[in-house]
Every structure is written in C-alpha cells, then in structure tokens.
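Remarks on the structure that follows.
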Amino acid sequence: LRSCAVAPAKTILLGEHFVVYGEPAIVTAIDRFVKVTAREINGDALKIISNLGIGGVFDSEGFRPLSGDSDGMRRLEPVKISAKAVLDYLGISRGLEINVDSTIPAAVGLGSSGATAVATVASVGALFGARLSGGEIIELSTEAERFVHGSPSGIDQSVSTYGGVLMYKRGEGIRRISTPAIYLVIGNTGSQRDSGKLIEGVRRLKDTFPELVGKIIRTAGALADFGIHALERGDVETFGKLMDMNHGLLVAIGVSTEALDRLVYAARRGGALGSKLTGAGGGGCIVALCTQEALGKVALAIQEAGGEVIIANKVEEGVRVWLED
Ligand code: PMV
C-alpha cells in the first residue's frame, strides 16, 4: 500500500514579508505541483528519495546518503521533519520510504518547501488512516518550514493545503477570496536565495528604524486591504496598481534586487496591469498581472529582459490525497 499526496505551489500577489508582522497578504495556489508518496518499510529508518537526484536514509545513527551531493542531508531534512511530526502526532514508530517528485522550481519564492511539507504530512497521515484536517496539516508542517525559514508566517502551507486565492493573516488564518479570471506571468531571475536570511534582514532593518519600518509595514497592510476589496469587486486594474505600489514598499525594505527590478519594469513595459517581486525576494521570481490579450507580450518582455517565463494558472484545489495498491 502506498499513499500519495499532491500539493500546489503558490505565488504571493500582495503582502509578503509584511505578513510576518501580522498584516494581511493575498496569495494564490498555482498549477505547479509536488507529489509525495509514502509506504512502510521494515525497521524504523526514513528513506527519502527526491527527483532532484538526492536521496538518503535517516536512522538512529544519523544520515546516510544514497545519491546526490553533500548538501543532501540539509535538503532532505525538512521532509524527515514533516514525516516525523506526523508519526509522533499519531504515536506511531515505523520505517518509511518517501518519494518526492516536484515540478516546482526550488528556492525562488514559489513555495516549494511549504508545498513539500504539506504533501509529506498529508501523505504520511493518510498511510496510517488518519483523516487530518487542514488545520492539522498546517500545524504539522510548520516545524519543517521553521527549519527552512526561521520564522514562517504560515502562508505557504495554508495555500498549499487549501488552494484557491486566499487572504492570509498570521494568527487568524485564511479567508477564501472569489476573484474574476486572473492571468499571471511569473518571471524567474534564476538566482536562488535563502528566505530565512531575507526575513532576518527585514527584522534587522526594523530594529534599526522601528518607527519608519513600522509605518511601511502598516501601509503595506492597508494596501493589502484595498487589494482584497478590489479583487472582490472584480477590479483587476486597481489590483495591478496596488501590486506596483507593493513592489515599491518591498524595495523600501531592501528585499528587491537589480535583476528583479529589471523584470518588474520589463513586465510593465510589456503591458502588465501590475508587477512585483513575489516571495522573499533577493533573487527568485516576479509576478505580473495581465489581461488575457497582453499575456504573450508580457511574457516576451520578461524573456527579453533575461527572465525565465512561467505561465501560471490559479488552481482552486489544495492538497489531494489518495491510496494506491
Ligand atoms: O519566498 P518564499 O516562498 O519562501 O516566501 C516567503 C514569504 C515571506 O512572507 C517572505 C515569509 C513568510 O513566511 O511569510
């Protein structure tokens, strides 16, 4: 018996970083997925194999690599943490083989780590017949996100769990937003970055300039509130303008880069309704909101500016789980 779970990636449309400080953010699940399968094996080791060419075994002795580079342990650790969290929660001690198959580019702000944690939790839970609620999945995947991020807001796990377009507020959870059709183009600068370090950088800036940065954070929160109303009344044009402004605030807190700005401006030149960096910044991706007619032009503009284009469609469904013989 094997248990499979598929969870979607995400792109943050408004409010990253500020969400860590309790402001609302708007996020959508997108049609890039990670699939995690789990089955029982003899003993009590956790054997983890990823389609990125890394694999290894965690047991009482520590970590034994099976394939891939020396970085394997650090990269597989979040999967181990998620699986362990579920086993401990269910009071079970078993050996598992876990396979991770991801089409989400890693470490570029599309939530690959959150989606992997969610899919791992859901899959291991289902293997032992546990019907985990959304809240339980999010809770049990938090420790792995903490390992990756330091201080995750919970937004990534929430959107991978529930899917759709969501308003997320730390401590309050989610509210589903019904939106008109939205057309997104993602541009990847191709440089990976460390979300934890970027979040820490913002924290330091806030410690140095508490009042100023506090005001920027509150402004971003007000902006996200405007954004929720705009989306709910189907006003994507206003939403685009808010994305532009939000990028400005992200520049102000120091998380953009020249490469990101180049793609942001290229998308606008190509006719996007709005564009901004998405995720933690420091590299990674931008997201542009477009009309359906402008999609091709915006994609071309991003490509000409050196970005890898990802056309992303929102998906309504969150993590899905099933059992196979
Ligand atoms: O870049 P990502 O996918 O790791 O997204 C991070 C989003 C932040 O708001 C910067 C952090 C968080 O946990 O909310």
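Figures for the structure shown
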read-out	value
Count - residues of the range 86-99 that are buried (at least 21 other Cβ atoms within 10 Å of the Cβ) and either of a type in the set (Gly, Ala, Ser) or in contact with a Cys (Cβ under 7 Å, 6 or more places away or on another chain) (or both)	0
Neighbours by Cβ (under 8 Å, 6+ apart or cross-chain): first from the range 106-135, free of Cβ contacts under 8 Å to residues at least 60 places away in the same chain and among the acidic types (Asp, Glu); second surrounded by 24 or more Cβ atoms within 10 Å (Cβ to Cβ) and assigned to a helix (DSSP H, G or I)	none
Flag for residue 132 being surrounded by fewer than 24 Cβ atoms within 10 Å (Cβ to Cβ), over 19 Å from residue 27 (Cβ atoms) and more than 16 Å from the ligand (Cβ to nearest atom)	yes
Selection from the range 179-227 of residues that are part of a loop (DSSP other than H, G, I, E, B), away from the ligand (no atom under 15 Å from the Cβ) and open to solvent by 70 Å² or more (accessible area, probe 1.4 Å)	209
Index of the failed condition, residue 20 passing every other in (1) part of a strand (DSSP E or B); (2) within 13 Å of the ligand (Cβ to nearest atom)	(1)
Answer residue from the range 248-299, given it is closer than 23 Å to residue 106 by Cβ and of a type in the set (S, T, N, Q) and is nearest to the ligand (Cβ to nearest atom) among those	278
Residues of the range 269-298 classified as of a type in the set (Ser, Thr, Tyr) and open to solvent by 40 Å² or more (accessible area, probe 1.4 Å), total	1
Among the residues listed as 48, 26, the single one being part of a strand (DSSP E or B), open to solvent by less than 50 Å² (accessible area, probe 1.4 Å) and over 19 Å from residue 141 (Cα atoms)	26
Cβ-Cβ under 9 Å pairs, at least 6 apart or on other chains, the range 301-325 side at positive phi, far side in a loop (DSSP other than H, G, I, E, B) and not charged (D, E, K, R)	306/189; 306/190
Top-ranked residue in the range 100-127 [being among the polar types (S, T, N, Q) and within 16 Å of the ligand (Cβ to nearest atom); ranked as surrounded by the most Cβ atoms within 10 Å (Cβ to Cβ)]	116
Residues satisfying the stated conditions in the range 145-167, i.e. open to solvent by less than 20 Å² (accessible area, probe 1.4 Å) and within 13 Å of the ligand (Cβ to nearest atom)	145, 152, 153, 154, 155, 156, 157, 158, 159, 160, 166
Residue selected from the range 248-267 under the condition open to solvent by 10 Å² or more (accessible area, probe 1.4 Å), in contact with a helix residue (DSSP H, G or I) (Cβ under 7 Å, 6 or more places away or on another chain) and not in a loop (DSSP other than H, G, I, E, B), by the criterion nearest to residue 183 (Cα to Cα)	249
Test: residue in the range 47-59 that is within 15 Å of the ligand (Cβ to nearest atom) and at pLDDT 95 or above	no
Criterion violated by residue 85 - all others in (1) free of Cβ contacts under 8 Å to residues at least 12 places away in the same chain; (2) within 21 Å of residue 62 (Cβ to Cβ) satisfied	(1)
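The values are calculated or read from the model by the stated rules, or taken from the named source; none is laboratory data. Remember, predicted model here, so these are calculated numbers, not experimental data. When we count neighbours, we look across all protein chains shown, and the Cβ atoms used for this are built from the backbone with ideal geometry, even at glycine. SASA here: full protein model, heavy atoms, side chains in, ligands and nucleic acids out. Shrake-Rupley method; radii C 1.70, N 1.55, O 1.52, S 1.80 Å.
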